[in-house]
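Right, one structure below, let's go through it.
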Amino acid sequence: ILTFTPDHKKFIPYTLRSGNMTSKQNPVRCFWENKNGDLYIGTKGSGIFMVSPDNTIKKHFDIQDGLTSKSVYTIVDDSINNVCWLGTDQKGLLYLNPKTNKISGLKNTPPELNSISIYAVYPQNDSILWVGSYGNGLFKFVINTDELPYTLLSHKKYIYEENKNTISNNNIFS
């Protein structure tokens, strides 16, 4: 990570540190900034760091905080449902409530959906999510957001099939 200092007009390396882990050991994969200017930084292997505007680590999210994987490949704001969707490495989809900093998974998720790598999420409306995976194609999730925890009501999988009118690849990135 590099931070830009306008006064000096240069970039300065910035390393996230939490316990024995640093961002130098585990690459950064995604960012999301909340309304307060806090930056949520998803890493490959170190979970999520919440960094304040003055560059101090306010919180380090890890397995004990509800992450199912220490690798987070996408953080997507869903202002309709007031959550952030988290795509993990081989552990499926989670969501973060930014007000409480609580991480949860969807209820009623089939086991095969909890073992995929999620690289892209697009909230279409309050109950439909499009979810892109690595190697498993594209998914349309229909969810119930009327009460917490959110519940997966149904899903449809779109995969590449040769010589058919389908998606062009099973690796979906944003």
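On a full-extension model of 0.36 nm per residue, what is the gain between residue 9 and residue 164, subtracting their alpha-carbon distance, rounded to one decimal in nm? Can you show the working numbers first?
Numbers: separation 155, 0.36 × 155 = 55.80 nm, distance 5.24 nm.
Taking 0.36 nm per residue and subtracting the Cα distance, the gain is 50.6 nm.
Looking at the chain, identify the longest residue range that excludes and avoids all chymotrypsin sites (Phe, Trp or Tyr not before Pro) in DSSP loops having at most 16 other Cβ atoms within 10 Å. Intermediate values should be presented prior to the final figure.
Numbers: sites that count: 14, 160, 173.
Looking at the chain, 15-159 is the longest stretch - no exposed chymotrypsin sites (Phe, Trp or Tyr not before Pro) with at most 16 other Cβ atoms within 10 Å.
Subtract the Cα-Cα distance of residue 126 and residue 64 from 0.36 nm times their separation in residues, and report this length gain in nm to one decimal. Please list the in-between numbers first.
On the way: separation 62, 0.36 × 62 = 22.32 nm, distance 2.84 nm.
Going from the current span to full extension adds 19.5 nm.
Report the full-extension gain for the segment residue 99 to residue 54: residue separation times 0.36 nm, less the Cα-Cα distance, to one decimal in nm.
On the way: separation 45, 0.36 × 45 = 16.20 nm, distance 1.98 nm.
Using 0.36 nm per residue and subtracting the Cα-Cα distance, I get 14.2 nm.
I need the trypsin sites (Lys or Arg not before Pro) found in region 30-88, filtered to DSSP loop residues with at most 16 other beta carbons within 10 Å of theirs.
35
Taking the inverse of the average 1/r across all pairs of different Cα atoms in the chain, what Kirkwood radius in Å do you get?
On the way: mean 1/r = 0.0590 Å⁻¹.
Value: 16.9 Å, from the Cα pair sum.
Just add up the charged neighbours of residue 110: K/R +1, D/E -1, any other residue whose Cβ is under 13 Å from the Cβ of residue 110.
Combined, the nearby Lys, Arg, Asp and Glu give +2.
Read-outs throughout are calculated quantities, based only on the coordinates presented, and are distinct from any laboratory measurement. It should be emphasised that the depicted structure is a prediction, and the values quoted were computed from it without experimental measurement. Glycine gets a Cβ as well: all are built from the backbone with ideal geometry, and neighbour counts include every protein chain shown.
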